[in-house]
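First up is the structure itself, then whatever we jot down about it.
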Amino acid sequence: MRISVMSQMQQRSFSIDLPSLVPLQLPSRRETHLWYILPDEVKSTSLLNRYSQLLSPNERDRVDQMRGDELKKNALLARTLVRTTIARYQTNNAVDPGSLMFKKNMYGKPEVDWQNCKDCNKQPLHFNISHTGSLIACGVTVHAPIGIDVEDKERKIKHDVLTFAKRFYTADEVNFLATKPDQEAQRKEFIKLWTLKEAYVKALGKGFSASPFNTFTIQSTPGTEGGYSLCKTSELTANPMEETEKYNGGWKFTLLELADSHYAAVCIEDDEVNEGGPMKVIVRRTIPLVEDQLISERIFL
Amino acid sequence: MASLSTNSLSFRAPSIQSSRFSQVLRKPSSFQAISFGSFQSLKSLRLQISCAAKPETVQKVSDIVKEQLALSADTALTAESKFSALGADSLDTVEIVMALEEKFNISVEETDAQNITTIQEAADLIEDLVQKKPAA
């Protein structure tokens with residue numbers, strides 16, 4: 001369901017000075033906000049230059065390190081998306097997105113560094129980004145660690161999918177893939193699982209070593225569309241299928257499609273207040289400093 | 001045929017660790033100039049020893065990376081080239097590692113696979129694993 005919103009919130013024109021960013025209401029505890037940019041829609045050099053001014057010197061350096069114009073542009077858009085989105089959730093004052101500071105947790109997961117940002121009020125915001133060559137996404141929640149991963153639906157796997165899965169996924173997941181009728185169906189499900197597993201590891205924020213892909217199974221939740229659940233397999237069992245510890249405690253998963261071209265997996269930590277409750281995901285497409293478009297609001301049980 | 005001695009593996013060069021120590025011991029005069037903490041001075045002795053992997057390994061890794069990431073043949077890659085700077089995401093990295101496993105007939109732990117960030121690191125890991133392979 002596509003809803004275009006040309007609401008009073010929008011300022012379509014941008015002036016010579018940096019326009020104030022249109023503020024946003026914080027997500028509620030049960031909501032995830034998912035923002036995405038389609039790089040092909042951002043062509044204006046002056047707009048890209050403006051984005052560049054928002055980045056820290058370190059971020060600009062990292063953008064410059066990318067090999068090739070397209071990769072540079074996407075790296076620039078990714079940092080711009082994070083900075084402008086988070087700045088807009090500052091409900092009290094207009095915050096210059098360039099003044100946000102970021103740090104990494106001890107495992108390397110990026111976080112907002114509220115203490116070092118002058119004029120910021122600390123918000124209990126969590127965010128995570130993911131990008132492919134043709135789509136850049138940022139997920140935002142309040143109070144709940146979040147991980148997201150996006151992949152092009154058409155992404156080709158160079159290796160045989162089942163061989164790949166046997167190497168990296170759990171036995172249950174391999175069996176699931178093996179039930180698919182043809183290679184194309186297997187490839188699609190493999191990609192979906194990859195995004196879900198990546199989203200989980202990123203939500204955990206402890207690096208890949210803490211949760212190798214073959215130590216947990218993700219499967220679709222019967223009776224839901226796009227709902228998934230997590231089962232941790234004990235590493236010690238010889239037969240994971242028999243001794244799977246059903247441990248869904250704490251993590252909610254959803255899988256969506258964005259722009260008809262990408263799978264997007266979102267994983268958030270269930271809080272005690274909302275445990276087991278539905279998860280609402282609000283998806284918006286954006287061009288920072290230019291426009292927003294509400295794409296969908298969906299409830300996942 | 002091959003089972004009893006580690007020398008039976010067909011390395012193209014002596015294993016790096018043993019050659020480092022044996023070559024150093026044979027040159028006592030230059031030994032004084034070397035501190036074990038700094039290997040830069042070793043290069044001036046023109047020995048085929050260093051902490052880094054062989055150029056051929058680096059080249060093979062570069063070829064596989066180019067193929068996986070669909071880079072043009074004339075893309076200049078160096079040992080320091082970072083996978084992420086070339087546009088590789090984690091799925092690409094894992095596919096690259098699988099291709100390297102096939103090419104070099106080694107087996108990489110998943111956690112090692114996810115931690116590779118440059119061509120140099122991939123090449124070093126490969127050589128480390130090739131060296132550690134048990135006799136066939």
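Bear in mind that the values in this text are calculations on the coordinates, not laboratory data. The model shown is predicted, which means the values in this text are computed figures rather than measured ones. Neighbour counts run over all protein chains shown; Cβ positions are idealised from the backbone, glycine included.
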Exercise: per-residue mean of other protein chain Cβ atoms within 10 Å, A:62-74: 3
Exposure proxy ranking, count of Cβ atoms within 10 Å, fewest first, for A:C138, A:C267, A:C117: A:C117, A:C138, A:C267
Ordering of A:211-223, A:143-155 by packing [mean C-beta count within 10 Å, highest first]: A:143-155, A:211-223
Förster radius 22 Å - calculated FRET efficiency between B:K82 and B:E102, Cβ distance, rounded to 0.05: 0.45
Kirkwood hydrodynamic radius of region B:46-136, from inverse mean 1/r over distinct Cα pairs, in Å: 13.3 Å
Cα-only Debye scattering, region A:91-208: base-10 log of I(q)/I(0) at q = 0.13, 0.17 Å⁻¹: -0.65, -0.91
Spacing of the two label points (7 Å from each Cα toward its C-beta) at B:A52 and A:R298, in nm: 4.8 nm
Count of Lys pairs (Cα-Cα under 13 Å; at least 8 positions apart or interchain) in region A:145-269: 8
Region A:145-269: Rg to Rh, with Rh as the Kirkwood radius over Cα pairs: 0.94
